[in-house]
Amino acid sequence: MRKIKIAAILLLMTTMVFQMENGYGQSWPQLKKMDNGKALIFVSAKNTSMMLTQIADAPFETLNQPNERQVCIFIDPAKTFQTMVGIGGALTDASAEVFAKLPPASQKDLLNAYYDKEKGIGYNFARTNIGSCDFSSDSYGYVADNDSLLATFNVDHDKKFKIPLIKQAITAAGGKLPLFVSPWSPPAWMKNNRELLHGGKLLKSCNQIWANHYVKFIKTYESLGIPVWGLSVQNEPMAVQKWESCVYSAEDERDFVKNYLGPTLQKNGLAGKKLIVWDHNRDLIYQRASVVLGDPGAAKYIWGVGFHWYETWTKSGMQFDNLRLVNWSLGEKYAHSMVNDFNCGTVAWTDWNILLDTKGGPNHVGNFCFAPVHADVATGKLIFTNSYFYIGHFSRFILPGAKRIACSSNRDQLESTAFLNPDGKLVVVVLNKTDEKFPIYLWIAGKAAQANSLPHSIMTVII
């Protein structure tokens, strides 16, 4: 069985603030009618007014043999790799609560900014939490204590803020928004530490009850008009956190999937849901995948492996800090991660909260962080960070069904990735994190288009 991996990239920091005085107000021009002899170029660059700005077209001219002085991005559409599923962000309790405090005009602006394919950056993938997480205003669950039959199961908590936001996001995305769901913790009474927080482990006596809980959640959400594309077994299964958390070793997760969750999904008509394991830091992904996918009994139920963008030792540096909002390099971290993840085979990518307040919350344990968009709930204004635009250089142009193609820079100062969309258009993203300006050639089969890669910039080229 072919195994692929899905990137669930979480808790990303945001970047330089761009505040729109009248709300979002951003609308990019429609892509021009394609000219096979030209490349369409979009640029965001530090110390300029260009944020996903379309600049002059670049014609293709013959260049059979580049010389060593020419900076080139070599593209080969004949060499294809993985197929993209989507790019998006998490629709958490925190995002939903902040969204509900905004005036209708700002709510509309936010939805357009993220999900509209022409007015915004075209998010087409999403995640949400099963039960409470750190980015909830409180800890909560869906069943009464010791209700092993789940007879009291209900999602009334989610109906106030989260479900309305998810439904509006689906509508804004054109009626389709693949969503995967993840628990941060089973109910406290199902765990050996008898609390939602501080890690703990799922009691063996509750394995089947917890597997049934996923089914209850998915079927309840779908009955309310929210299709569920997939699920992960557990968010960060090796982390003991001061917020909602639960620990699974690789063997624990393997056996839970093989003996309980996989068969339970199958028996309840949910075999088509995409089941994702790991959903934690990249530095242990190989060990987890080796153990879990090495067992055919577990592997037959698994669609892919999720991983987060950070390594374990860097995680302590993710807290919200207003001074970092003006640090341009934080936006570049998004693009660096995305370019390299895609080039290593990632098929889908999700950011963490789509929206937070100006304190980096709400968060019931003080674990504040960044989002691509923050809201001043007192004024109703949206604050767009440059990470929003950096992500947009990928999400607005790389479509579901796109195939990654061979792409290589001949300078290590430039990072690049490229895709072939289902409509036949090529999308090339070039990241420049240096202080240098590079005149570059986008080279395909003996022809090249010239462009300038500005200092601390990102460029998307449509061919």
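Figures for the structure shown
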quantity: From the options Pro400, Pro455, residue that is under 21 Å from Lys46 (Cα atoms) and touching a strand residue (DSSP E or B) at 6+ places or on another chain (Cβ under 8 Å); calculated: Pro455
quantity: Residues of region 168-184 satisfying the condition of being in contact with a helix residue (DSSP H, G or I) (Cβ under 9 Å, 6 or more places away or on another chain) and over 17 Å from Gln234 (Cβ atoms); calculated: Gln168, Ala169, Ile170, Thr171, Ala172, Ala173, Gly174, Lys176, Leu177, Leu179
quantity: Hits in region 100-125 (condition: among the hydrophobic types (A, V, I, L, M, F, W, C) and touching a Pro at 6+ places or on another chain (Cβ under 7 Å)); calculated: Phe125
quantity: All strands (runs of 3 or more DSSP E) inside region 37-84 with 2 or more residues being polar (S, T, N, Q); calculated: 71-83
quantity: Filter result for Ser136 (within 20 Å of His374 (Cα to Cα), in a helix (DSSP H, G or I), at pLDDT 95 or above and not β-branched (Val, Ile, Thr)); calculated: no
quantity: Residues (of a type outside the set (Phe, Trp, Tyr), more than 21 Å from Asp158 (Cα to Cα) and crowded, with 24+ Cβ neighbours inside 10 Å) located in region 87-123; calculated: Ile87, Asp109, Ala113, Gly120, Ile121
quantity: Index of the failed condition, Ala298 passing every other in (1) more than 25 Å from Asn193 (Cα to Cα); (2) hydrophobic (A, V, I, L, M, F, W, C); (3) surrounded by fewer than 20 Cβ atoms within 10 Å (Cβ to Cβ); calculated: (3)
quantity: Any chance Ala378 is within 30 Å of Leu165 (Cα to Cα), touching a strand residue (DSSP E or B) at 6+ places or on another chain (Cβ under 6 Å) and either in a loop (DSSP other than H, G, I, E, B) or in the same structural domain as Leu91 (by TED's automatic domain parsing) (or both); calculated: no
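Quick grid of which residues meet (1) part of a helix (DSSP H, G or I); (2) within 26 Å of Val85 (Cα to Cα); (3) hydrophobic (A, V, I, L, M, F, W, C); (4) without any contact (Cβ under 8 Å) to a residue 24 or more places away in the chain:
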residue	(1), (2), (3), (4)
Met238	no, no, yes, no
Cys246	no, no, yes, no
Asp252	yes, no, no, no
Lys258	yes, yes, no, no
Leu261	yes, yes, yes, no
Ile302	no, yes, yes, no
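Rundown of residues vs (1) modelled with pLDDT of 90 or more; (2) over 23 Å from Thr385 (Cα atoms), yes/no style:
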{"residue": "Thr15", "(1), (2)": "no, no"}
{"residue": "Met20", "(1), (2)": "no, no"}
{"residue": "Asp35", "(1), (2)": "no, yes"}
{"residue": "Thr53", "(1), (2)": "yes, no"}
{"residue": "Phe60", "(1), (2)": "yes, yes"}
{"residue": "Cys72", "(1), (2)": "yes, yes"}
{"residue": "Phe81", "(1), (2)": "yes, yes"}
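The values are calculated or read from the model by the stated rules, or taken from the named source; none is laboratory data. Computed from a prediction, not measured in an experiment: that's the story for all the values here. Methodologically, a virtual Cβ is constructed for each residue, glycine included, from the backbone with ideal geometry; neighbour enumeration extends over all protein chains shown.
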